[in-house]
There are 2 protein chains.
Amino acid sequence: MLWERIMAKIAVTGKGGVGKTTIAAGLARTFGSRGYRVIALDMDPSPNLASSLSCSPGEAATITPLVEMEELILERTGAPPQGGGMVFKVNPKVDDIPARFGISCRDGVRLLVLGSIRTGGSGCFCPANALARRLVDHLSGTADLLIMDMEAGVEHLGRGTTRTVEALLVVAEPTVKSVDAAGQIAKLARDLGITRIFGVVNKVRDGGGEPFISRLAALGVLPIGIMPFDPAVQQAEEDGVPVYDLPGGEGIRARIAGLASALEERLGPFGKLSWEKRS
Amino acid sequence: MLWERIMAKIAVTGKGGVGKTTIAAGLARTFGSRGYRVIALDMDPSPNLASSLSCSPGEAATITPLVEMEELILERTGAPPQGGGMVFKVNPKVDDIPARFGISCRDGVRLLVLGSIRTGGSGCFCPANALARRLVDHLSGTADLLIMDMEAGVEHLGRGTTRTVEALLVVAEPTVKSVDAAGQIAKLARDLGITRIFGVVNKVRDGGGEPFISRLAALGVLPIGIMPFDPAVQQAEEDGVPVYDLPGGEGIRARIAGLASALEERLGPFGKLSWEKRS
């Protein structure tokens, strides 16, 4: 018998360009500054979470993509499929993986990167996602919170472990297409057995978010926040700098802190606050 | 020996949220209104090109996704891989496919849809992309111009036929990340042998596009246009209506027309204007 901390796993999803990476990075830093041990996992084949997390560019350049550690991860999490079966290790040793392949960024956030598409025609990104799912299934105990910055859509999300908290944060803009995309994501997530599907409408101008919040709710996404359009975020995007540490970043920091608290309330106990019996 | 029209194939790509679908739809309609026979192919697993093309919603609901016609397409374009080899048909009969599986939208544009992810956990979208590539390789002669609205990234683009014109139009916003993503796309496209890589910077405010145009050029993307931020486009997105037919749509129509002319000049002869010797 073993007592183990519960790790919450949140995937930040949504249509392209809605602000997933900014929100994922902000949440990771907020939870990190609140004392949680946070792993941020960049699942985008065109990864740029490091920059939004204010990781040192020098260190970011040294990060080992998980896809390049495929053999080691497969060895640790179980034998690859052979013949008709698959052998899973129940207590694989993976707790050194975040330390070995990640880098430390501000507020104690540990960044892992799945990998990028390096060569045109080099193949499909699905096996890389399968590898990530496998690793994530085994990461419990290595941190309090895992925040995954996904590429658009949930086709690669797959089913996680049901023992740990599973949640999706779907980011939408105040446009019909992005809210409908959020609805499609929620539908696919439910197919995967994910029941905690939260939504946030980002970049709202002139207090116009309400109809989109209602539409999200009607599509099965539980709205937990509206974030106004923030010129400081737009300027930072234009300049290619992380908004979080800028003098103009107070607004986004405060709003992300509110979003983090809303998530904290709804995710149930996780991390250093609670322990779960594991047999 | 056979004389056949050259079909130009343009893939519209870029980071999420930059305006790919709006521009792809606008180009398709502009070329359609100029008398070209245009096929628009929605490659996004969360397809919404029909709406931007102002196709009738009733008809759009009846469209047959190409993935559901997999067997027929494989049968027409060659036997599926068996043993060690693959048999391609040189002159497969595919010219009825756009007519059978597409719908007609305004300005004579014929819309085809690859398909959507309908169920979470249903699998990888790579085989669907392989099917589309195979079909596209054989579509020459069925239209003058094929415009593909891609999902973000080029990992699914694959190598097209070299006999026909190949071009990428990479859409970027005035942000460092989206221009860097355009650079990554261009790099991957070159790996695939695509040499005509054009770029447009969209949603530019206050005449601030120049640094991004220069950066695009430095990354190997040939800039052919800057499009200003257009409140009418944003309003239409919020309302979920196609901007092209709105009273406020003159601006975007004029700018897309300019972009179409720039492409027409640079693509070389295609469609009804020219014929190519085929042996």
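The values are calculated or read from the model by the stated rules, or taken from the named source; none is laboratory data. Since the model is a prediction, treat every value here as computed from it, not as a measurement. Every residue, glycine among them, receives a Cβ derived from its backbone with ideal geometry; neighbour counts consider all protein chains shown.
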State which residue is nearest to the other protein chains (Cβ to nearest Cβ) when the search covers only segment A:190-243 and only residues that are in a helix (DSSP H, G or I) and in contact with a strand residue (DSSP E or B) (Cβ under 6 Å, 6 or more places away or on another chain). A:Phe212
Can you tell which of A:Gln235, A:Gln184 is among the polar types (S, T, N, Q) and surrounded by 15 or more Cβ atoms within 10 Å (Cβ to Cβ)? A:Gln184
Going by the conditions given, is B:Gly160 more than 21 Å from B:Cys126 (Cα to Cα), modelled with pLDDT under 95 and not in a helix (DSSP H, G or I)? no
So the check is Cβ under 6 Å with 6+ separation or different chains; which pairs have a first residue in segment B:16-44 that's more than 22 Å from A:Ala172 (Cβ to Cβ) and a second one that's among the aromatic types (Phe, Trp, Tyr) and modelled with pLDDT of 95 or more? B:Val38/B:Phe31
Could you check segment B:10-61 and list, in sequence order, the residues that are charged (D, E, K, R), in a helix (DSSP H, G or I) and surrounded by fewer than 22 Cβ atoms within 10 Å (Cβ to Cβ)? B:Glu59
Conditions (1) touching a Gly at 6+ places or on another chain (Cβ under 6 Å); (2) at pLDDT 95 or above; (3) not acidic (Asp, Glu); number of the one not met by B:Val243: (2)
Would you mind stating whether A:Gly183 is out of contact with any strand residue (DSSP E or B) (no Cβ under 8 Å at 6 or more places or on another chain), more than 27 Å from A:Ser116 (Cα to Cα), at pLDDT 85 or above and of a type outside the set (S, T, N, Q)? yes
Restricted to segment A:23-45, and to residues that are within 15 Å of the chain's Cα centre (by Cα) and farther than 19 Å from A:Phe198 by Cβ, which residue is nearest to the other protein chains (Cβ to nearest Cβ)? A:Pro45
Kindly check whether there is at least one residue in segment B:218-226 that is under 19 Å from the mean Cα position of the chain (by Cα) and touching a residue at least 60 places away in the same chain (Cβ under 8 Å). no
Cβ contacts < 7 Å: first residue among the β-branched types (Val, Ile, Thr), restricted to segment B:127-150; second residue part of a loop (DSSP other than H, G, I, E, B), any location; separation 6+ or different chain. Result? B:Val136/B:Gly160; B:Thr142/B:Val94; B:Thr142/B:Asp95
All but one of (1) away from chain B (no Cβ under 14 Å); (2) under 16 Å from A:Leu27 (Cβ atoms); (3) of a type outside the set (A, V, I, L, M, F, W, C) hold for A:Pro247; which doesn't? (2)
Taking the criterion of being more than 25 Å from A:Gly141 (Cα to Cα) and part of a helix (DSSP H, G or I), would at least one residue in segment A:166-176 satisfy it? yes
Whether any residue in segment B:196-209 is touching a helix residue (DSSP H, G or I) at 6+ places or on another chain (Cβ under 9 Å) and surrounded by fewer than 17 Cβ atoms within 10 Å (Cβ to Cβ) is what I want to check. yes
Among (1) in a helix (DSSP H, G or I); (2) closer than 30 Å to A:Arg215 by Cα; (3) not polar (S, T, N, Q), the one test that B:Ile256 misses: (2)
Filtering segment A:242-271 down to residues that are under 25 Å from B:Asp180 (Cβ atoms), free of Cβ contacts under 8 Å to residues at least 24 places away in the same chain and among the hydrophobic types (A, V, I, L, M, F, W, C) yields A:Leu246
Hey, can you tell me all the residues within segment A:111-150 that are among the charged types (D, E, K, R), surrounded by fewer than 22 Cβ atoms within 10 Å (Cβ to Cβ) and not in a helix (DSSP H, G or I)? A:Arg118
Taking segment A:164-178 as the search range and keeping residues that are touching a strand residue (DSSP E or B) at 6+ places or on another chain (Cβ under 8 Å) and of a type in the set (S, T, N, Q), which one is farthest from the other protein chains (Cβ to nearest Cβ)? A:Thr164
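To keep it simple, each residue is scored yes or no on (1) closer than 20 Å to A:Gly271 by Cα; (2) of a type in the set (Val, Ile, Thr).
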| site | (1), (2) |
| --- | --- |
| A:Lys20 | no, no |
| A:Ala24 | yes, no |
| A:Ala28 | yes, no |
| A:Arg34 | yes, no |
| A:Arg37 | yes, no |
| A:Ala40 | yes, no |
| A:Ser51 | no, no |
| A:Cys55 | no, no |
| A:Ile63 | no, yes |
Scanning segment B:179-189 residue by residue, those touching a helix residue (DSSP H, G or I) at 6+ places or on another chain (Cβ under 9 Å) and within 8 Å of chain A (Cβ to nearest Cβ) turn out to be B:Asp180
What residue, of A:Leu72, A:Leu2, A:Leu41, is more than 19 Å from A:Arg255 (Cβ to Cβ) and at pLDDT 90 or above? A:Leu41
Is it the case that segment A:94-101 has a residue that's at pLDDT 75 or above, surrounded by fewer than 21 Cβ atoms within 10 Å (Cβ to Cβ) and small (Gly, Ala, Ser)? yes
Working only within segment B:175-215, note down all residues that are within 20 Å of A:Ala50 (Cα to Cα) and not small (Gly, Ala, Ser). B:Thr175, B:Val176, B:Lys177, B:Val179, B:Asp180, B:Gln184, B:Ile185
